[in-house]
Structure formats: structure tokens, C-alpha cells
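Have a look at the structure below, then the notes.
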Amino acid sequence: MARSIEEWRKAVAEQEQEAERQAELFRQKRAQKDAAIQVFRALTSKYGVPESELFSGDDLSPLGAILEKLETDDQVDSWEIDWLEERELQRLIALVHFRKYKREDDYWSLVKSCKHLRKANLSQKVIDLTAPEKLVKSPDLRVRSALLTTRGGAFRDLDNLSGAKDSAIKAIDASPLSYHPHNLLGAILYEEGSPSDGDKAFERAIELGATPRNQDFEIRSALKRSSVEARETVVAYLLHKDPERYAWVSTFAAAG
């Protein structure tokens, strides 16, 4: 009996020691996190990133190193960009690509930057970065077309269909064999309530490599954004054109 009590006391003591060890580990990790937050607080504030992104579980994430690279204008590695993509830190990704554009005069990086700025709801910034006087500096017509397309998308984000259409047409003129500006033009025409003209643009986009899935996505987007009158026109047009394929547009008719 005495041995059992002694064993029990020993077990309790071991449990208490383990609990204290775990508590000490927790205190150390908490102290490390607090120290990291203090070190990087100015940078997370400057670049508009939540402090919570500094950690992956109890470990430091790659964010600290990325912010330090941005401070010194060093190149961010591709795997670090992938990490940012996974967390949808759009503003930071846009800045990474913009820095590369400025550092290397790489206009494709500017295209990527604009794409992520739109995802971050900074469409006016895209319009500023793709002003006409800046576009003419790009020697590659495909790049110019891509920048005009994203510029048109940014105008559309801001409900400026006139600016969007003008940019889409200029993008097509710059690179007629790219399907992206044709898709954009088709979406704009649908949003305006001109679906038959929109179909011509979509058909050309498909000839150049777009898929019907791209088209349906753009039509859905146009219906969400269009006026009630334009939406009614498009719904009636599509249901008459192919009531089985476009049965899904009935939900927009019901929404009014």
C-alpha cells in the first residue's frame, strides 16, 4: 500500500512538472510573439498588413522577411509570392510586382500589379498607373493591350462604362489576337443591355482561345452590375436564344 501511495505522489509530481514546463514554453512563445510584433509593428502598419499574419501557428511566418525585403527594395522570391497569394494579401502582392516593374522596367510586372490592385478594390490606382502617357512607353503591343484591358476593367469596377469601352476598343486595336479585351468588350455590351453585340465580341474571343465558361462568367457579372432595364433585356434575349443553356438567368429575372 505504501508503495502505491509513493507511486501516486511521484506521478502527481511528474504531472505538475510537465504542466509547469508547458506553461513555461507558452510564456516563452508568447514573449517571442510579443517581441516579433514590436520589431515589425512599424512595417505591418506601413504596408497595411494584419499583425496576425506574422505567425504561422506559434512560428514566425515568411511575412517579416518579405516586409524587410520591401524596405530595402530587394527581390521577393517566387515562393514568398506564392505564400502571399495563399493568404490573398492583394495589396502586398501588387506592391511586390510594382517594385519589380520599377526596378527592371518590366511592364508585365505592372500588368500583374494592376490585377492585384483591382482585387484589393483599388481600381482608381489602376487607372492612375495606366494613364495614356504611361502606356505609350511600353514597346510591346501585347503589354499595352493587357494594360488597356485591366484599365478598362478598372473603369468598369467604378461604373464608368464609357471609359471601360474606350479602353477595351483600344486594347483590341493594340493586340487584335488577344481574347481578353474581346471578353471585356462583350461584358460591357451586355451590361449596357446590348447582348447581341456582346455576343459578337464573345464569339471573337472564343475564336481566339477563350472558353464558353469565360463567357458565362462575364455574362453573370454583367447581370449583377447592370440596371434593371438592361438586365430585363439581357434575360429575355438569353432565354429566347437558348432557354435550356441559360435557364440560370431566370434567377436574375426573379430578382428584378
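Mark the label point 7 Å from the Cα of I206 along Cα→Cβ and return the residues of segment 168-190 whose backbone N is within less than 19 Å of it. So the set is 177-190. Suppose R0 equals 41 Å; then what is the FRET efficiency for A11 and L60 from their Cβ-Cβ distance, rounded to the nearest 0.05? The calculated FRET efficiency here is 0.65.
For segment 125-206, the equivalent ellipsoid derived from the alpha-carbon gyration tensor has semi-axes of 21, 15, 7 Å in decreasing order. Between S250 and R87, the FRET efficiency estimated from the beta carbon spacing at R0 = 30 angstrom works out to 0.20.
Based on Cα atoms of segment 107-247, Rg over Rh with Rh as the Kirkwood radius reads 0.99. May I ask for the distance between the Cα centers of segment 88-148 and segment 182-256, given as a whole number of Å? Each part reduced to its Cα centre gives a spacing of 28 Å. Net charge dipole, the chain: roughly 560 debye, given to the nearest 20, about the Cα centre with Cβ charges of +1 for Lys and Arg and -1 for Asp and Glu.
On the chain, 51 percent of the accessible area sits on carbon and sulfur atoms, based on a 1.4 Å probe.
Pairs of Lys residues in segment 94-170, spaced 8 or more positions apart or belonging to different chains, with C-alpha separations under 16 angstrom: 12 in total. Temperature 4 °C, viscosity 1.567 mPa s: under these conditions the Stokes-Einstein estimate for the chain, based on its Kirkwood radius over C-alpha pairs, is 59 µm² per second. Spin-label model, D77/A42: points 7 Å from Cα along the beta carbon direction are separated by 2.6 nm. Multiplying the residue separation of D105 and L158 by 0.36 nm and subtracting their alpha-carbon distance yields 16.3 nm. The residues of the chain expose, per residue, 58 Å² of accessible area to a 1.4 Å probe. With the Cα gyration tensor of segment 169-223 giving a ≥ b ≥ c as the square roots of its eigenvalues, does the rule (a/c under 1.5 for rounded; else a/b larger than b/c for prolate; else oblate) give rounded, prolate or oblate? Oblate is the answer for segment 169-223, as a/c is 1.5 or above yet b/c matches or exceeds a/b.
The values are calculated or read from the model by the stated rules, or taken from the named source; none is laboratory data. Worth saying up front: this structure is predicted, and the values here are computed from it rather than measured. When we count neighbours, we look across all protein chains shown, and the Cβ atoms used for this are built from the backbone with ideal geometry, even at glycine. Areas reflect the complete protein model, heavy atoms only, side chains present, ligands, DNA and RNA absent. Shrake-Rupley method; radii C 1.70, N 1.55, O 1.52, S 1.80 Å.
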